[in-house]
Amino acid sequence: MRKLSVAAFVSLDGVMQGPGGPQEDTDNGFTLGGWTVPYFDEAVGKAMDAILSDPYDLLLGRRTYEIFANHWPKLEGQDELADQFGAINKYVATRNPGYATDWQNSHVLKGDAVAAVRQLKTQEGRNLLTQGSAQFIQALLASDVVDEIHTLTFPVLLGKGKRLFGGDGAPSALTLIRSVTSPSGVTINRYGVAGPVQTGSFALE
């Protein structure tokens, strides 16, 4: 059975919109794109290398897929990650049943995207990894199909913007597998999903 890992750059207040550049995602007037760049030190780079070191296929929302498809194919033959992204499967979640892709090894998830992900997880193959795709991630978290969560939390407050966690996620306990803080102040955490939330009480008897 394939494992599904969510990986996200987030601000301290939970925003994950437009981390890579000013024009990456300006939906709803977002003007702070590129907010990760000043903090992207060697430790952050190594953390991303570790996340991308295990065999994986990408699981992307349509908007993130289009950002990737307009960037990475242009670097194939010049950049190792671009070649890696080109070679693996890229599964795209979209509500448009006629959506067409021209990036090699791309596959549109037909019908209900979460149901399609459940089916993918039962198959043999590489594990599944998300990048970006805030709205899609929220749907996955709400449906309790995520196995691991990697967060790289940057020391910045962004206010409004697309968020990693919405209000509809399925309750779940997590186990902290690894935690590192980079010299620039990025907190890099890896969590495993650990079943139901356990509760207790500090009230006096």
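Considering only the stretch 155-173, how many residues are farther than 10 Å from M16 by Cβ and either open to solvent by 80 Å² or more (accessible area, probe 1.4 Å) or not β-branched (V, I, T) (or both)? Spell out how you get there, then give the answer.
Let us first name the residues in the stretch 155-173 that are farther than 10 Å from M16 by Cβ, namely 155-157, 159-160, 166-173.
Next, only the ones that are either open to solvent by 80 Å² or more (accessible area, probe 1.4 Å) or not β-branched (V, I, T) (or both) stay: 155, 157, 159-160, 166-173.
Counting residues in the stretch 155-173 that are farther than 10 Å from M16 by Cβ and either open to solvent by 80 Å² or more (accessible area, probe 1.4 Å) or not β-branched (V, I, T) (or both) gives 12.
Just to be sure, is E80 in contact with a helix residue (DSSP H, G or I) (Cβ under 7 Å, 6 or more places away or on another chain) and either without any contact (Cβ under 8 Å) to a residue 24 or more places away in the chain or small (G, A, S) (or both)? Before the answer, list the steps.
On the way: in contact with a helix residue (DSSP H, G or I) (Cβ under 7 Å, 6 or more places away or on another chain): no; either without any contact (Cβ under 8 Å) to a residue 24 or more places away in the chain or small (G, A, S) (or both): yes.
It is false that E80 is in contact with a helix residue (DSSP H, G or I) (Cβ under 7 Å, 6 or more places away or on another chain) and either without any contact (Cβ under 8 Å) to a residue 24 or more places away in the chain or small (G, A, S) (or both).
If a residue must be among the β-branched types (V, I, T) and touching a helix residue (DSSP H, G or I) at 6+ places or on another chain (Cβ under 9 Å), how many such residues does the stretch 142-183 contain?
Matching residues across the stretch 142-183 total 6.
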Failed item in (1) over 22 Å from L158 (Cα atoms); (2) touching a residue at least 40 places away in the same chain (Cβ under 8 Å); (3) of a type outside the set (A, V, I, L, M, F, W, C), with P38 passing the rest: (1)
Some residue of the stretch 116-130 being closer than 15 Å to M16 by Cα and touching a residue at least 24 places away in the same chain (Cβ under 8 Å): yes
The stretch 141-163: number of residues that are under 14 Å from the mean Cα position of the chain (by Cα) and under 18 Å from T31 (Cα atoms): 2
Pair list, Cβ < 6 Å and 6+ apart or interchain, from the stretch 160-177 residues that are on the phi < 0 side of the Ramachandran plot and touching a residue at least 40 places away in the same chain (Cβ under 8 Å) to residues that are polar (S, T, N, Q) and surrounded by 17 or more Cβ atoms within 10 Å (Cβ to Cβ): K162/Q17
Failed item, numbered, when R95 is tested on (1) open to solvent by 50 Å² or more (accessible area, probe 1.4 Å); (2) touching a Pro at 6+ places or on another chain (Cβ under 9 Å): (2)
Considering residues of the stretch 89-127 that are small (G, A, S) and modelled with pLDDT of 90 or more only, the residue farthest from L75 (Cα to Cα): A115
Residues of the stretch 51-85 that turn out to be under 18 Å from the mean Cα position of the chain (by Cα) and surrounded by 14 or more Cβ atoms within 10 Å (Cβ to Cβ), as a count: 21
Any hit, the stretch 187-197, residues being open to solvent by less than 20 Å² (accessible area, probe 1.4 Å) and over 21 Å from A43 (Cα atoms): yes
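The values are calculated or read from the model by the stated rules, or taken from the named source; none is laboratory data. Note that this is a predicted model, so its numbers are computed, not measured. Ideal geometry is used to build each Cβ from the backbone, glycine not excepted, and the neighbour counts take in all protein chains shown. Ligands, DNA and RNA are stripped out before the accessible areas are found, and what is left, the full protein with its side chains, is counted by its heavy atoms. Shrake-Rupley method; radii C 1.70, N 1.55, O 1.52, S 1.80 Å.
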